[in-house]
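Quick note: the coordinates plus some simple rules give every number you see, no bench work behind them. As the structure is a prediction and not an experimental result, all values here were calculated from the model. Reconstructed Cβ throughout: ideal geometry from the backbone, glycine too, with neighbour counts over all protein chains shown.
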Amino acid sequence: MLADRIVEKIVWAEDFHSLSRDELLRDSKISDLMLKLRAAIHDSRCEMAGRGIVGICRDCDQKEGGSCCGYGLETYYDETLLLINLLLGVGLPKDRAESTSCFFLSANGCRLLARHVICINYVCEKITDRFHPQALASLREKEGVEVELLFRLNEEMKKYIHVLVSNTGRISFDLP
């Protein structure tokens with residue numbers, strides 16, 4: 001069952017966070033990338049809101065009964081990405097808010113700050129039909145920065161986790 005698997009990933013991320021948060025944040029590469037990622041997320045989300053895309057998505061989900069954030073989308077999320085969210089101060093949910101939606105979708109949108117690349121980049125036909133590509137260029141540029149920083153942080157975190165686990169043996173975990 002999908003919910004069981006995502007809950008297992010959340011439990012692992014929370015356990016690792018509890019044991020290793022301070023060590024991870026002391027790493028200068030990780031802390032620098034975290035600061036840059038937080039700023040990039042803010043920039044791209046502000047651009048989405050400013051363009052009206054957030055409102056379009058909310059109306060589609062709440063008034064039209066549709067959502068791009070459907071059940072099963074959470075399978076794209078791995079333990080490392082969930083750990084990044086915890087390091088960003090995001091509390092991970094224990095339950096799905098809506099049975100037909102992504103585990104991380106709430107009435108107010110995505111509960112996560114650091115999202116999977118598909119969640120960052122995807123825009124539906126309703127949006128692409130409504131906006132000329134030039135009108136989305138600034139958003140796409142900001143999303144590109146966010147994706148690049150997320151990729152770099154994710155890779156750095158996986159290296160660090162591997163070394164930490166190898167050196168301490170505190171948590172047994174095979175990276176995906």
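Tabulated data for the structure shown
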{"quantity": "Pairs of Cα atoms farther than 18 Å apart, region 63-176, %", "calculated": "60 percent"}
{"quantity": "17 Å Cα-Cα reach of K158 towards lysines, excluding residues that sit fewer than 8 places from it in its own chain", "calculated": "K9, K29"}
{"quantity": "Partner lysines for K126 [C-alpha distance under 26 Å; skip if fewer than 8 residues away on the same chain]", "calculated": "K63, K142"}
{"quantity": "Whole-Å distance, taken between Cα centres, linking region 8-27 and region 28-85", "calculated": "21 Å"}
{"quantity": "Residues Q62 and V163, FRET efficiency given R0 of 41 Å [Cβ-Cβ distance, rounded to 0.05]", "calculated": "0.40"}
{"quantity": "Helix-only mean residue ellipticity at 222 nm for the chain, each DSSP H run of n ≥ 4 adding -39500 (n - 2.57), per residue, nearest 500", "calculated": "-22000 deg cm²/dmol"}
{"quantity": "Range in the chain, longest, excluding exposed trypsin sites (Lys or Arg not before Pro) [loop by DSSP; at most 13 other beta-carbon atoms within 10 Å]", "calculated": "95-169"}
{"quantity": "Share of alpha-carbon pairs per 10 Å distance bin for region 27-110, given as whole %", "calculated": "15, 40, 36, 8, 1"}
{"quantity": "Relative contact order computed over region 78-176 (Cα-Cα under 8 Å; 6+ residues apart), in percent", "calculated": "23 percent"}
{"quantity": "Test item: Cα-centred dipole of the chain, Lys/Arg +1 and Asp/Glu -1 on Cβ, debye", "calculated": "280 debye"}
